[in-house]
1. Exactly one condition in (1) closer than 28 Å to residue 20 by Cβ; (2) open to solvent by 50 Å² or more (accessible area, probe 1.4 Å) is not met by residue 94; state its number.
2. Restricting attention to the range 32-53, report how many residues are farther than 19 Å from residue 122 by Cβ and within 12 Å of the chain's Cα centre (by Cα).
3. From the list 80, 106, which one is out of contact with any Cys (no Cβ under 7 Å at 6 or more places or on another chain), modelled with pLDDT of 95 or more, buried (at least 16 other Cβ atoms within 10 Å of the Cβ) and not hydrophobic (A, V, I, L, M, F, W, C)?
4. Could you grab me the full set of residues in the range 104-117 that are within 16 Å of residue 84 (Cα to Cα) and in a strand (DSSP E or B)?
5. Just give me the residues in the range 92-124 being under 16 Å from residue 38 (Cα atoms) and of a type outside the set (S, T, N, Q), in sequence order.
6. For a quick check of your reading of the model, give me the residue pairs whose first member lies in the range 51-70 and is part of a loop (DSSP other than H, G, I, E, B), whose second is of a type in the set (Gly, Ala, Ser), with beta-carbon atoms closer than 7 Å and at least 6 apart or on different chains.
7. When you scan the range 32-50, how many residues do you find that are in a loop (DSSP other than H, G, I, E, B), open to solvent by 20 Å² or more (accessible area, probe 1.4 Å) and over 18 Å from residue 107 (Cβ atoms)?
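The values are calculated or read from the model by the stated rules, or taken from the named source; none is laboratory data. Here the structure is a predicted model, which is why all the values come from computation and not from measurement. With ideal geometry, Cβ positions are generated from the backbone for all residues, glycine too; neighbour counts draw on all protein chains shown. With ligands, DNA and RNA removed, areas are computed over all heavy atoms of the protein, side chains included. Shrake-Rupley method; radii C 1.70, N 1.55, O 1.52, S 1.80 Å.
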Amino acid sequence: RGVTMHHAGKGKHGQGEEREVEATFSVEAHTEFGDELLLVGSHWAIGNWCPEKGLHMHTDKRSYPCWTCTCTLRLHPSVRLEYKYVVKRSMARGGGFQWEDSIPNRTFTPKANELHSIISDGWFDHSVRRFSPTGRASPIIGTGGVGGQLQSP
């Protein structure tokens with residue numbers, strides 16, 4: 001489904017040594033009762049493009065349709081993490097996976113001095129996103145096309 005992580009440089013910390021980055025991802029997705037939302041991408045912590053191993057996202061009555069998850073990624077500086085959101089359909093709906101297929105892979109590259117980043121990706125299968133290393137969101141417009149989002153009944 002995508003390309004593995006790209007990295008550059010070797011040497012001292014901040015110039016090529018791996019480090020841990022905590023990242024909180026959020027996206028809005030209208031799903032059916034029993035469906036799950038997964039973060040899947042080019043790092044082992046988010047499944048290495050295998051949805052069965054993806055990171056489960058969370059929502060509740062108060063925050064729905066916003067889904068979130070936080071993970072710790074061990075990355076080299078300048079690594080470009082690629083990922084997508086995937087709906088795991090409930091068995092009542094026949095099971096299977098619904099990938100974001102109307103947009104290119106989403107990407108995230110942490111800054112060299114970041115320890116925690118918040119990535120607000122807008123809507124499932126849409127390319128508008130917000131990113132903030134400090135918790136304050138600022139708009140970043142993606143390059144992908146607009147696709148069909150999942151709708152509630």
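1. (1)
2. Within the range 32-53, residues that are farther than 19 Å from residue 122 by Cβ and within 12 Å of the chain's Cα centre (by Cα) number 5.
3. Values: 80 fails: modelled with pLDDT of 95 or more.
Criteria check complete, one pass: 106.
4. To start, the set of residues in the range 104-117 that are within 16 Å of residue 84 (Cα to Cα) comprises 104-109.
Correct list: 106, 107, 108.
5. Looking only at the range 92-124, we keep the residues that are under 16 Å from residue 38 (Cα atoms), and these are 95-101, 105-107, 119-124.
Hits for the range 92-124 are 95, 96, 97, 99, 100, 101, 106, 119, 121, 122, 123, 124.
6. Note: pairs meeting the criteria are 54/47; 65/29.
7. Step one: list which residues in the range 32-50 are in a loop (DSSP other than H, G, I, E, B), which gives 32-35, 42-43, 47-50.
Now restrict to residues that are open to solvent by 20 Å² or more (accessible area, probe 1.4 Å): 32-34, 48-50.
If we keep only those that are over 18 Å from residue 107 (Cβ atoms) too, we end up with 32-34, 50.
Qualifying residue count, the range 32-50: 4.
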